[in-house]
Amino acid sequence: MRAPAMTPVLRIVVLLIGAATIARSQDWPGPARDWNGFARHDFEVDGSSCYVVKPKHPAPGNPWVWRARFPNYHREADVILLARGFHIARINTDGMLGSPRAMKHWDAFYSFMIKNGLAKRVALHGVSRGGLFVYGFASRHPERVACVYADTPVCDVKSWPGGKGNGLGHAGTWRALLKEYGFTEKQALDYAGNPIDTLEPIARARIPILHIVSLTDKVVPPAENTFLVAKRYQELGGAMEVIVVKAGTQKSNGHHFAHPDNLRVADFIERHASAAPKGTDYFVPRGSLNNSRITFEATKKGRVAFLGGSITQNRGWRDLTKAYLKRRFPDTAFEFIDAGISSTGSTPGAFRLHRDVLSKGKVDLLFEEAAVNDLHNMRSNTEMTRGMEGIIRHARASNPAMDVVVMHFVDPHHMTDYRAGKTPTVIAHHEAVAAHHDITTIHLSREVTERVDAGQFTWEKDFRNLHPSPYGQRLYAATIRRTLSAAWAEPRAGNTKVVSHPAKREPLDAFSYDRAKLISPNAVGESNGFVMVDRCDPRADGVRGGVRAGFVNVPMLVGMKPGARFEFAFEGRAIGLFVAAGPDAGIIEYRIDDGEWKKRDLFTKWSRGLHIPWAYVLESELDGQAHTLTVRTADGKNPSSKGHACRIVNLLVNE
């Protein structure tokens with residue numbers, strides 16, 4: 001069995017993550033040599049050869065993975081984890097088959113590693129017969145183990161090397177095992193120290209387990225090993241995931257195969273073996289995300305939407321998350337809705353949700369982000385709540401079973417707040433909405449801050465800025481994957497029923513934009529001086545500046561001179577304008593019905609060089625009855641503006 005050579009009232013929700021321990025670079029004995037671009041040190045402990053592979057930037061708390069047998073088999077996850085700051089370590093007890101003699105060497109190696117500054121709780125990785133080692137150690141010392149990952153593991157010596165079931169067995173290794181353990185044949189068959197027999201202390205410690213197996217494995221048949229462990233572990237209340245590969249290679253009798261998802265393994269280990277207190281991470285799980293999983297697995301179809309600003313529109317974490325979903329559900333045909341538009345936050349997101357997302361069909365899983373743009377677009381505290389709650393309530397009204405995840409991406413201003421011991425205002429408001437509606441949130445802003453401060457990477461060189469580098473995009477995607485993996489860790493137990501999420505009786509804010517829609521400017525009634533332009537390019541008027549997709553070469557209602565005027569009849573609680581506010585943006589005057597005239601300057605701090613998409617909610621606390629909006633362009637203008645332009649892409653109505 002040889003393996004081939006080869007991660008209302010503001011309710012501020014604070015993550016339960018302890019202060020990050022500053023990781024230090026270790027000085028290990030023995031000369032260093034290259035191992036996949038990292039430094040490997042070889043030395044001896046307790047008379048056995050050992051090695052440690054060092055990360056270039058240790059993660060907070062110095063987490064580590066302890067490999068048992070066949071340490072080079074499926075090592076891709078090790079490389080991923082090294083890049084995330086994990087150490088990889090091993091002691092060579094290869095011929096001891098997890099015996100008490102091997103465990104004495106393991107105890108000595110563990111003590112050595114802890115004295116040298118590595119985390120007290122380790123992730124164990126056992127391949128094939130390595131399962132005997134990792135389960136032997138975990139059952140003896142569950143307090144020392146963060147999680148167990150096992151690859152085609154031996155879980156019962158009667159199955160392998162004994163060959164007493166349906167497996168091939170291995171006569172030579174069976175004789176070696178009898179000698180190593182000092183067993184007679186009968187004692188070996190009666191042995192109660194197999195992994196299948198020693199799960200209770202591991203389950204009592206709530207140690208998470210992940211196995212990967214091949215259904216055609218004739219060497220270590222999963223029915224006699226992994227599947228038996230899974231059944232017993234779950235009966236004991238333990239959490240265990242199993243990745244199933246349909247077939248291994250014919251040459252190996254199904255025992256070897258190309259790994260289908262090393263990222264899932266790396267994410268599993270990072271989720272459970274990081275420096276965060278056990279059971280926590282940079283996300284807050286609320287409610288359930290099981291409906292999307294059930295849909296993906298049972299119907300073999302899935303529709304997933306991504307709503308947000310430029311960090312969502314740009315390539316990176318979104319594409320990596322799509323790839324994860326395809327790997328996690330390989331038989332599912334996905335439709336992905338890319339609804340990111342640069343410069344837009346929760347208020348414009350709420351109004352364009354129907355057009356850009358919900359109109360595409362029933363959505364099973366929605367990712368939403370707005371923390372960065374709500375900050376930079378200077379949305380008020382009220383708007384932060386009404387925009388985010390509007391998105392969530394409208395989404396759930398369209399499909400009560402829809403799973404929703406809200407992400408808080410990083411911004412330097414957020415980092416300053418976290419370092420001062422404060423939750424950033426926009427994140428606090430979005431969290432209050434998410435908590436009220438039982439929505440899972442991911443705190444990427446806090447994660448980046450703590451990891452930068454722990455010295456794992458730098459903001460300027462590694463992460464770059466609020467539009468992350470490829471490294472930052474991978475970090476975002478990894479945490480999103482860990483969030484989903486945690487939500488989907490428990491077996492479905494045959495449940496294929498999608499259920500509606502519990503609905504809150506009252507919104508946090510009665511004027512949240514939960515029935516928000518975009519209305520075509522063609523719906524405008526009486527107008528004088530405003531003209532419909534079928535394919536409006538703001539730059540065609542001689543005003544230079546950048547443009548955004550969806551806000552150039554589209555129909556716009558345009559008024560260029562003071563005194564232009566129009567009326568619009570509507571029914572709703574809020575009314576506003578979605579405009580392209582460029583270098584020549586003017587000032588408008590408006591009123592509702594025969595009310596007093598009010599002013600709104602359309603020129604933003606970004607308008608000097610960009611025809612920026614901007615949602616102006618003019619009135620947001622109306623009675624929901626029939627009203628008439630009158631708009632006219634004013635004589636005055638912003639001192640920085642070059643004109644009086646009002647280019648309306650849509651009217652905004654919260655019905």
>> So, in the stretch 106-147, exactly how many residues are hydroxyl-bearing (S, T, Y), assigned to a helix (DSSP H, G or I) and closer than 30 Å to A258 by Cβ?
In response: 1
>> Within the stretch 244-255, does at least one residue satisfy the condition of being part of a helix (DSSP H, G or I), modelled with pLDDT of 95 or more and more than 30 Å from the chain's Cα centre (by Cα)?
In response: no
> Could you list, in sequence order, the residues of the stretch 548-578 that are among the aliphatic types (A, V, I, L, M) and touching a His at 6+ places or on another chain (Cβ under 9 Å)?
Replying inline: V552, M560, A564, A569, I575
> Would a scan of the stretch 532-554 turn up a residue that is under 21 Å from L652 (Cα atoms), in contact with a Ser or Thr (Cβ under 6 Å, 6 or more places away or on another chain) and surrounded by 13 or more Cβ atoms within 10 Å (Cβ to Cβ)?
Replying inline: yes
> Is there a residue being at positive phi and of a type outside the set (G, A, S) anywhere in the stretch 75-96?
Replying inline: no
> What is the number of the single condition among (1) at positive phi; (2) in a strand (DSSP E or B) that G550 does not meet?
Replying inline: (2)
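Considering Y476, Y513, which residue is within 20 Å of V404 (Cβ to Cβ) and either of a type in the set (A, V, I, L, M) or over 24 Å from the mean Cα position of the chain (by Cα) (or both)?
On the way: Y476 fails: either of a type in the set (A, V, I, L, M) or over 24 Å from the mean Cα position of the chain (by Cα) (or both).
Result of the check over Y476, Y513: Y513.
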> Which pairs have Cβ atoms under 7 Å, sit 6 or more apart or on different chains, and link a residue in the stretch 132-161 that is within 16 Å of L210 (Cα to Cα) to one that is among the polar types (S, T, N, Q) and in a strand (DSSP E or B)?
Replying inline: T152/S214
>> Taking the condition of being at pLDDT 95 or above and under 17 Å from H141 (Cβ atoms), how many residues in the stretch 209-243 meet it?
In response: 1
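Would you mind finding the one in E389, E368 that is within 30 Å of E460 (Cα to Cα), charged (D, E, K, R) and assigned by TED's automatic domain parsing to the domain that holds E297? Spell out the reasoning first.
Working: E389 fails: within 30 Å of E460 (Cα to Cα).
From the options E389, E368, the qualifying one is E368.
Just to check your reading of the model, which residue among A23, A59 is closer than 23 Å to C147 by Cβ, of a type outside the set (D, E), at pLDDT below 95 and not assigned by TED's automatic domain parsing to the domain that holds V213? Let's see the steps before the verdict.
On the way: A59 fails: not assigned by TED's automatic domain parsing to the domain that holds V213.
Within the list A23, A59, the selection yields A23.
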> Within the stretch 474-495, is even one residue modelled with pLDDT of 90 or more, more than 30 Å from P555 (Cβ to Cβ) and among the acidic types (D, E)?
Replying inline: no
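Condition (residue is within 23 Å of I202 (Cα to Cα), touching a Lys or Arg at 6+ places or on another chain (Cβ under 9 Å) and buried (at least 18 other Cβ atoms within 10 Å of the Cβ)) applied to the stretch 46-56: is it met by at least one residue?
In the first step, residues of the stretch 46-56 are kept if they are within 23 Å of I202 (Cα to Cα); the result is none.
No, that holds for no residue.
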> Has the stretch 427-437 got any residue that is of a type outside the set (D, E, K, R), over 25 Å from G387 (Cβ atoms) and not assigned by TED's automatic domain parsing to the domain that holds R264?
Replying inline: no
> Which residue, of L124, L97, is out of contact with any strand residue (DSSP E or B) (no Cβ under 7 Å at 6 or more places or on another chain), assigned by TED's automatic domain parsing to the domain that holds L210 and of a type in the set (A, V, I, L, M, F, W, C)?
Replying inline: L97
> Residues of the stretch 65-83 being surrounded by fewer than 24 Cβ atoms within 10 Å (Cβ to Cβ) and among the basic types (K, R), which ones?
Replying inline: R75
> Since R318 meets every condition but one in (1) surrounded by 18 or more Cβ atoms within 10 Å (Cβ to Cβ); (2) assigned to a loop (DSSP other than H, G, I, E, B), which condition does it not meet?
Replying inline: (2)
>> One residue is enough: does the stretch 148-158 have a residue meeting the conditions in contact with a Ser or Thr (Cβ under 8 Å, 6 or more places away or on another chain), assigned to a helix (DSSP H, G or I), modelled with pLDDT of 95 or more and not acidic (D, E)?
In response: no
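Can you tell me which residue among H170, H125 is surrounded by 16 or more Cβ atoms within 10 Å (Cβ to Cβ), at pLDDT 95 or above, closer than 30 Å to A486 by Cβ and out of contact with any His (no Cβ under 8 Å at 6 or more places or on another chain)?
On the way: H170 fails: closer than 30 Å to A486 by Cβ.
Only one candidate passes the filter, namely H125.
Go through G131, G136 for me and flag whichever is out of contact with any strand residue (DSSP E or B) (no Cβ under 9 Å at 6 or more places or on another chain) and closer than 27 Å to V242 by Cα.
Numbers: G131 fails: out of contact with any strand residue (DSSP E or B) (no Cβ under 9 Å at 6 or more places or on another chain).
Step by step, each of G131, G136 is checked, and only G136 is out of contact with any strand residue (DSSP E or B) (no Cβ under 9 Å at 6 or more places or on another chain) and closer than 27 Å to V242 by Cα.
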> Looking at (1) buried (at least 22 other Cβ atoms within 10 Å of the Cβ); (2) within 30 Å of R206 (Cα to Cα); (3) touching a Leu at 6+ places or on another chain (Cβ under 7 Å); (4) not β-branched (V, I, T), which is the one condition that is false for H255?
Replying inline: (3)
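The values are calculated or read from the model by the stated rules, or taken from the named source; none is laboratory data. This structure is a prediction, so every number in the text was calculated from the model and none was measured. We place every Cβ from the backbone using ideal geometry, glycine too, and count neighbours over all the protein chains shown.
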